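Below is one structure; the comments refer to it alone.
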Amino acid sequence: MRILHFSDLHIGVENYGRTDPETGLSTRLADFLNSLDQVVDFALTQNVDLVLLAGDAYKGRDPSQTHQREFAKRLVTLSRQGIPTFLLVGNHDLPSSASRATAVEIFPTLQVPHLYVGANLETYTVPTRAGPLQVVAVPWPRRSTMLSREESRGLSIEEIRAQLERRMTLGIDRRVQELDPETPAILAGHMTVNGATLGTERSMMLGQDHVLQASDVAKPQLDYVALGHIHKHQLLNREWPTVAYSGSLQRVDFSEEQDEKGFCVIDLDPAAPQGKRMVDFNFHRLNARPFVTIDATVPVGDPDPTAVVLRVISRKDVADAVVRVRVTIPQELEAQLRDADILQALRSAHYVAAMSRETSESGRRTRLDAESAEDLQPMQALRLYLEGRTMDQERKEKVLRHAEELLDLERSDSC
């Protein structure tokens, strides 16, 4: 039994892109769809029995008709070939209120064959060509549902988070204890597990993440634990069962610059006894859009500051990359820096995200073009701003945490 596990597709992330004149769509949308096409092609040609998306199909809870159409095209391709797809509901798929539908709820409503949606913490039995598979689904919990309960009134954010963690832990344990030991079983969770190396989602969700322990999900009754929400691929447990974040398929911002992107491929032997079904595990790398940071320092008294920056650029591969330039320069030389020449040297880049200058007097100033600034989400814009400030990491995270809590309160008030 072969399972393909990927997560955090985030269709709709279009920052650092431009409009393709042939399609009228964002080039960044094309990036994400191209990665999804590679997932579908692998499933069709490499005998995959189940495709599992561990949450966050879209960037936001209200995807556009175009985004829904493009996602549905790929799912229908798998469906027509008889390959089941399991979609776990992530935090970006959830509506703002409990009464509204999730971003992926349309698929079971339309009764698309071979397509399953894990919207609740329960066990789903998915028939595959290699036999049945039990999937313990742990979607991102609806906080709005908990907030509306009488016992939650007056609780602090920390107390609500603790309640969520307790309920999720008990729910997982109960579902795992009920599993049929004769049938392969995996857990699909969209969550933060303690010990994971955090990336973009740290800035996007800092201050409201519930965090489970690895022992809460690494149950011996499971053959594999497929996680989503953290964009960085990593293994949290190499013993039985393997616990892995597949990471996202494309880079969202510069915090993921060094991260490898791709999906996980898991081979199970259904005939083997519980605890010995894992045959193989591989991470399949994709050629995601590169993000490149160029740091240049201009020495005091240098007669041509621009030439210094151009030499640094020449040593970097910027072709088709999203690029940012950070220049440290003495204040008296700043006026001699020729932005036009720098942009010309970056003409092969896909997108120039920002050019910042740091002087001894004024500190770093980040310049964004209007289109890029428009596409940034509030927390992404704040992170980019803080990256251009001289500030220690602990203080940055404190600012991000308070900002996310304020946004969380605003979202709660609007529900």
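Derivation of every value follows stated rules applied to the coordinates shown; laboratory data play no part. If you're wondering where the values come from, they're calculated on a predicted model, not measured in any experiment. Cβ sites come from the backbone with ideal geometry, for glycine too, and all protein chains shown count toward neighbours.
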Residues with amide H under 5 Å from that of His190, placed H, sequence gap 5 or more: Val138, Trp140, Gly228
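Sorted by average packing, counted as other Cβ atoms within 10 angstrom per residue and highest first, what order do 111-119, 12-20 take? Spell out each step's value before the answer.
On the way: 111-119: 18.2, 12-20: 20.1.
Taking the mean over residues of other Cβ atoms within 10 Å, the ranking is 12-20, 111-119.
What FRET efficiency, computed as 1/(1 + (r/R0)^6) with R0 = 25 Å and r the Cβ-Cβ distance, is obtained for Ser348 and Thr297, rounded to the nearest 0.05? Don't jump to the answer; show the numbers that get you there.
Numbers: r = 23 Å, r/R0 = 0.94.
The formula returns an efficiency of 0.60 here.
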Approximate spin-label separation Asp180-Val211, in nm, with each point projected 7 Å along Cα-to-Cβ: 3.8 nm
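For the range 2-285, what does the alpha-carbon gyration tensor say about shape, rounded, prolate or oblate, given a ≥ b ≥ c as the root eigenvalues, a/c under 1.5 as rounded, and a/b over b/c as prolate? Provide the component values of the computation, followed by the final result.
Details: a/c = 1.42, a/b = 1.05, b/c = 1.35.
In terms of gyration-tensor shape, rounded.
So, R0 is 22 Å and r is the distance between the beta-carbons of Glu257 and His284; what FRET efficiency does that work out to, to 0.05? Please report the intermediate quantities before stating the final value.
Values: r = 21 Å, r/R0 = 0.93.
The value I calculate is 0.60.
So for the range 281-328, Kirkwood radius off the Cα pairs, Stokes-Einstein at 4 °C and 1.567 mPa s: how many µm² s⁻¹?
Roughly 102 µm²/s, to the nearest whole number.
Sort the following peptides by mean Cβ neighbour count (other Cβ atoms within 10 Å, averaged over residues), highest first: 224-233, 342-351. Please list the in-between numbers first.
Numbers: 224-233: 26.0, 342-351: 16.8.
Highest to lowest by the protection proxy: 224-233, 342-351.
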Distance violations [Cα-Cα > 24 Å] among Lys59/Lys232; Lys232/Lys398; Lys261/Lys316; Lys59/Lys261; Lys219/Lys276; Lys219/Lys261: Lys219/Lys261
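Rounded to the nearest 0.05, what FRET efficiency is calculated for Tyr124 and Asp339 with R0 set to 56 Å and r the Cβ-Cβ distance?
On the way: r = 55 Å, r/R0 = 0.98.
In this case the efficiency is close to 0.55.
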